[in-house]
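S.K.: This is the structure I have questions about; it appears just below.
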Amino acid sequence: MNICLIPARKGSKRIKNKNIKNFNGKPIIYYSIKAALNSKLFDKIVVSTDSEKIKKIAIKFGAEVPFIRPKNISDDFAIDFDVINHYLQFCKKQKISINNLCYLYPVNPLIKISTLKRCNKLLDSFNCQSVITVRKYAFPIEMALIKNSNGYIKLKNTKFKKKRSQDFNSSYEDAGQCYWYKVPLIKKFINLRTIPFELDKFEYLDVDSKKDFNNLKKIFNSKLHINR
């Protein structure tokens, strides 16, 4: 069985009700649920939440919410693997066998159906345990600048002072869209054999502030992003 698991707790300090905030007339979690449904990759689309309100919204748009997530893995200190392991334990008790698990973030309107399909294909085609979405840094991280105590800018690592940007290998950041796991091959979620799926420039935006949220709307509503 292939499962899409969407985490959506109610707490959010920087953006109130972030996971269900109105985005072009829909709660933003709608876009993740819709993409998962339209991909036709999954036997179940499950939302893990500690909120009855989010539960009702998720069910309305086609997801399942088989439990309310415990408080101890729904606070600011909870990590993704807590949520995943909680769901896997639930499945074990319910005798639900999982092959591929896609962990899909709820604030994710830029997610493309083609991205979900290609990540799934990578997971099935390579000798790996997981696939994650990444984005290439525009400039070598080795040449990062920092401020000193006087407020002046300087190279973080001076040993690279005479290097050219083309002398470095590309570096990547976690794009935070979706994470895929071949569950039968995983005992612990550490040191996994992971394949990257690289996103284009306007397929990803980390949302931590109201300004980020407004920029996300601009990208979504522009021709720079087409959900396909």
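S.K.: For PHE81 paired with LYS26, estimate the spin-label separation in nm (one decimal), with each label point 7 Å from Cα along the Cα-to-Cβ line.
M.R.: The modelled label-to-label distance comes out at 3.3 nm.
S.K.: Between rounded, prolate and oblate, where does region 109-228 land on the alpha carbon gyration tensor, with a ≥ b ≥ c its root eigenvalues, rounded for a/c under 1.5, else prolate if a/b exceeds b/c? Intermediate values should be presented prior to the final figure.
M.R.: Working: a/c = 2.22, a/b = 1.35, b/c = 1.65.
Oblate.
S.K.: If packing is taken as the average count of other Cβ atoms within 10 Å, what order do 79-92, 152-165 fall into, highest mean first? Spell out each step's value before the answer.
M.R.: Working: 79-92: 16.1, 152-165: 10.5.
Ranked by mean Cβ neighbours within 10 Å, highest first: 79-92, 152-165.
S.K.: Here is a follow-up. Report, in degrees rounded to the nearest 10, the 0 to 90 angle that the Cα long axis of helix 210-221 makes with the longest principal axis of the chain.
M.R.: It works out to around 80 degrees.
S.K.: Work out, step by step, the length gained on full extension between ASP174 and ARG193: first 0.36 nm times the residue separation, then minus their alpha carbon distance; give nm to one decimal.
M.R.: The span from ASP174 to ARG193 would gain 5.3 nm if fully extended.
S.K.: Does a label point 7 Å from the Cα of LYS211, set along Cα-to-beta-carbon, have any residues of region 1-34 with amide nitrogen under 16 Å, and which are they?
M.R.: So the set is 14-15.
S.K.: Computed FRET efficiency, Cβ-Cβ of LYS117 and LEU185, R0 25 Å: what is it to the nearest 0.05? It would help to have the intermediate numbers written out before the result.
M.R.: Values: r = 21 Å, r/R0 = 0.82.
After rounding, the FRET efficiency stands at 0.75.
S.K.: Leaving out ligands and nucleic acids, and using a 1.4 Å probe, what accessible area per residue does the chain come to in Å²?
M.R.: Each residue of the chain exposes 59 Å² on average to a 1.4 Å probe.
S.K.: Hey, another quick one. Report relative contact order for the chain in percent, whole number only (criteria: Cα-Cα under 8 Å, sequence separation at least 6).
M.R.: Reported relative contact order: 23 percent.
S.K.: Pairwise over distinct Cα atoms, reciprocal of the mean inverse distance: report the Kirkwood radius of the chain in Å, one decimal place.
M.R.: 19.2
S.K.: Within region 89-113, find all residues whose amide N lies under 12 Å from a label point positioned 7 Å from the Cα of GLU64 along Cα-to-beta-carbon.
M.R.: The answer is 91-92, 94-98, whose backbone nitrogens lie closer than 12 Å to the label point.
S.K.: Of all beta bridges DSSP finds with both residues in the chain, what is the antiparallel percent, to the nearest 5? Could you put the intermediate results ahead of the total?
M.R.: Working: 16 of 31 bridges.
The antiparallel fraction comes to roughly 50 percent.
S.K.: Taking a ≥ b ≥ c as the square roots of the eigenvalues of the Cα gyration tensor of region 1-85, is the shape rounded (a/c under 1.5), prolate (a/b larger than b/c) or oblate? Please list the in-between numbers first.
M.R.: Details: a/c = 1.85, a/b = 1.16, b/c = 1.59.
Here region 1-85 falls in the oblate category.
S.K.: With +1 on the Cβ of every Lys and Arg and -1 on the Cβ of every Asp and Glu, and nothing else charged, how large is the dipole of the chain about its Cα centre, in debye rounded to the nearest 20? Intermediate values should be presented prior to the final figure.
M.R.: Details: 45 positive and 19 negative charges, 93 e Å.
Taking the Cα centre of the chain as origin, the dipole is about 440 debye.
S.K.: On to the next question. Would you kindly state how much longer the chain becomes between ASP167 and ASN17 on full extension, computed as 0.36 nm times their sequence separation minus their alpha carbon distance, in nm to one decimal?
M.R.: Length difference between fully extended and current span is 49.6 nm.
S.K.: Give me the percent of accessible area attributable to carbon and sulfur for the chain, probe 1.4 angstrom.
M.R.: 50
The values are calculated or read from the model by the stated rules, or taken from the named source; none is laboratory data. Note that this is a predicted model, so its numbers are computed, not measured. Here Cβ is always computed from backbone atoms with ideal geometry, including for glycine, and neighbour counts include all displayed protein chains. Keep in mind that these areas ignore ligands, DNA and RNA; they rest on the heavy atoms of the full protein, side chains included. Shrake-Rupley method; radii C 1.70, N 1.55, O 1.52, S 1.80 Å.
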